[in-house]
């Protein structure tokens, strides 16, 4: 088996081991996409744990070196993607930019913090989680429009965890942006079932939730 095929289960193992997979079938959790979910992945837990952070950073570096060897800068989406992007930029000795879903309401009112290296620079956008994709798509638009006369060529988006909703994938396809991930909801669910971390009833209810919302028009 290809080494990279192990990456999803490695991340899933970390999420369960660090108790970052939260399940509440009764009350649920509000997601960015405007829907209520019975499961939530508390991704910052992986940032605050030194061993988990080191392992994820290593996996992300391997992943990016496999798919995006020639990039000129790394862009982290605030706030969850900045830590992973900073690690990647540091390892590859590349410029780091920080991006926001909307322009800031203070200072220089930037949406993109930092300078695009040069006009046409090839950049990779990093986020921790993709749900509705709203924040990332807004960042991509801002990078393409450019800053200080320099526009970025967005090669793709990579996230640690992706809900992988088809309706969201369609939005990225329409923008002509490759959306990649290490772990999806489907892979997380499969890992939990295979390793007896989820009961058959919980599996059924989580899968039903996903099936119901996978084509749901998430809030814009």
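Things to note:
- When 84, 63 are checked against the criterion of being under 25 Å from residue 164 (Cβ atoms), touching a helix residue (DSSP H, G or I) at 6+ places or on another chain (Cβ under 7 Å) and at pLDDT 95 or above, 84 stands alone in meeting it.
- Subset of region 106-147 (residues that are assigned to a loop (DSSP other than H, G, I, E, B) and either buried (at least 19 other Cβ atoms within 10 Å of the Cβ) or modelled with pLDDT of 95 or more (or both)): 111, 114, 115, 116, 117, 118, 119, 120, 131, 132, 133, 146
- Test: residue in region 72-79 that is part of a strand (DSSP E or B), closer than 30 Å to residue 209 by Cα and modelled with pLDDT of 95 or more: yes
- Residue that is modelled with the highest pLDDT, among those in region 198-220 that are under 20 Å from the mean Cα position of the chain (by Cα) and not in a helix (DSSP H, G or I): 214
- Members of region 1-32 found to be outside any loop (DSSP other than H, G, I, E, B), at pLDDT below 95 and farther than 19 Å from residue 162 by Cβ, listed by number: 3
- Taken residue by residue, region 33-48 has no member that is on the phi > 0 side of the Ramachandran plot, free of Cβ contacts under 8 Å to residues at least 60 places away in the same chain and either in a helix (DSSP H, G or I) or in contact with a strand residue (DSSP E or B) (Cβ under 8 Å, 6 or more places away or on another chain) (or both).
- Residues of region 14-25 that are more than 17 Å from residue 203 (Cβ to Cβ) and either surrounded by fewer than 15 Cβ atoms within 10 Å (Cβ to Cβ) or free of Cβ contacts under 8 Å to residues at least 12 places away in the same chain (or both): 17, 19.
- For residue 182, the stated conditions hold: it is in contact (Cβ under 8 Å) with a residue 24 or more places away in the chain, touching a helix residue (DSSP H, G or I) at 6+ places or on another chain (Cβ under 8 Å) and outside any helix (DSSP H, G or I).
The values are calculated or read from the model by the stated rules, or taken from the named source; none is laboratory data. Keep in mind it's a predicted model, so treat the numbers as computed, not measured. Cβ coordinates were reconstructed from backbone atoms using ideal geometry, including for glycine residues, and neighbour counts include every protein chain displayed.
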